[in-house]
Amino acid sequence: MNEEIIITVNNLKTYFYTNQRCNKAVDGVSFKLKRGKTLCMVGESGCGKSVTATSIMRLLPTLARIEEGEIIYHSEEGDIRIDQLAKNGKKMRSLRGSEIAMIFQDPMTALNPVYTVGFQIIESLRYHTKMTKRARRKKAIELLRGMGIPLPEQRVDEFLHQYSGGMRQRAMIAMGMSCNPKVLIADEPTTALDVTIQAQIFDLMNQLKETYKTAIMMITHDMGVVAELADDVVVMYMGNIVESGTVEEVFKTPAHPYTKALLKSIPVLGCGKNQELEPIRGNTPDPYNRPEGCQFNPRCDYCDEKCFEMPNDFKVTGTHHAKCWHYRKVLENE
């Protein structure tokens with residue numbers, strides 16, 4: 001196994017069961033996370049990005065199941081099949097937080113309002129490290145200071161309701177980074193933050209990546225963030241990966257109509273207010289009543305009879321893949 005790869009996801013299928021119906025939220029997703037690299041996962045809301053992340057963390061709700069596929073963590077002790085571990089078992093609990101950490105999208109639901117922020121950061125350190133009580137408190141204060149939280153010595157003993165929205169998000173990030181994890185999964189980590197704090201957070205994440213060779217998997221809607229931070233990009237649509245490759249390949253030569261449409265719908269800085277934005281026509285299909293074949297075909301300009309069969313994963317270049325019958329046409333029409 002390539003020593004650069006730390007997590008391999010093969011043909012992952014995660015389904016949700018409600019009212020005798022099945023939502024194939026993630027339907028055959030495969031990718032690799034590399035040490036010291038950032039993989040950005042993009043796509044519109046509901047495409048399966050967060051479900052992929054919670055599948056890796058084994059934090060799926062009761063009505064969700066990993067039906068097929070494998071999640072392999074290439075640890076220093078050897079390969080661990082995360083998908084086969086009991087989600088509340090000792091092994092998974094020892095990995096979660098220390099070796100594989102997650103920064104959640106909404107700190108109000110991820111942090112507990114009845115405990116102080118400091119207690120919740122220290123709890124992670126107490127469970128996963130052998131630090132003394134004093135050292136743990138010192139580390140929690142340092143983490144809050146590193147996140148740009150003023151008066152961290154005082155704030156460490158405060159509760160969630162005493163923090164602003166942006167400060168809660170920063171406290172959540174501090175908790176995720178507390179044990180210097182080998183893998184950091186960040187689900188839209190800077191949603192509630194202003195741009196100056198965003199820049200600080202991204203600097204800290206890059207520092208973690210360079211110092212500890214941490215692999216970062218970032219879920220985001222912000223293409224500017226992707227262009228700035230990503231080494232590799234995965235584009236998701238309706239539970240499938242429709243395109244993957246390095247950030248240059250995906251941004252400069254998009255080979256899937258969805259990626260192309262996504263990039264065209266973003267305003268370009270410096271082009272003034274008269275620039276034309278092209279929203280993607282139509283709506284995301286109902287997950288319980290999906291189109292046949294390629295999931296994007298009702299909204300696609302390249303659609304023909306062939307598109308009513310599910311396309312293969314075509315290799316555009318060595319690292320660039322696209323799930324589209326007409327990927328050559330898409331490239332030609334650049």
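The values are calculated or read from the model by the stated rules, or taken from the named source; none is laboratory data. Not measured: the values here are computed from a predicted model. For neighbour counting, all protein chains shown are included, and Cβ atoms are generated from backbone atoms with ideal geometry for every residue, glycine included. Keep in mind that these areas ignore ligands, DNA and RNA; they rest on the heavy atoms of the full protein, side chains included. Shrake-Rupley method; radii C 1.70, N 1.55, O 1.52, S 1.80 Å.
For the range 151-170, filtered to residues that are assigned to a helix (DSSP H, G or I) and modelled with pLDDT of 90 or more, the residue that is most open to solvent (accessible area, probe 1.4 Å) is H161.
With respect to L262, is the statement that it is buried (at least 19 other Cβ atoms within 10 Å of the Cβ), assigned by TED's automatic domain parsing to the domain that holds Y327 and out of contact with any Lys or Arg (no Cβ under 7 Å at 6 or more places or on another chain) true? Spell out the reasoning first.
Working: buried (at least 19 other Cβ atoms within 10 Å of the Cβ): yes; assigned by TED's automatic domain parsing to the domain that holds Y327: yes; out of contact with any Lys or Arg (no Cβ under 7 Å at 6 or more places or on another chain): yes.
Here the answer is yes, as L262 does meet what is asked.
Every listed requirement among (1) assigned to a helix (DSSP H, G or I); (2) open to solvent by 50 Å² or more (accessible area, probe 1.4 Å) is met by V330 save one, (2). Taking first residues from the range 193-209 that are small (G, A, S) and partners that are surrounded by 18 or more Cβ atoms within 10 Å (Cβ to Cβ), no Cβ contact under 7 Å between residues at least 6 apart in sequence or on separate chains turns up.
Pick out, from the range 42-120, the strands (runs of 3 or more DSSP E) lying fully within it that include 1 or more residues that are farther than 30 Å from S164 by Cβ and in contact (Cβ under 8 Å) with a residue 12 or more places away in the chain. It would help to see each step written out before you state the result.
Details: elements: 64-75, 78-81, 100-103.
Answer list for the range 42-120: 64-75, 78-81.
Considered as a group, the residues in the range 7-32 that are touching a Ser or Thr at 6+ places or on another chain (Cβ under 8 Å) and farther than 23 Å from N289 by Cα include one that is surrounded by the most Cβ atoms within 10 Å (Cβ to Cβ), and that residue is V9. Considered as a group, the residues in the range 104-148 that are within 23 Å of M57 (Cα to Cα) and acidic (D, E) include one that is most open to solvent (accessible area, probe 1.4 Å), and that residue is E123.
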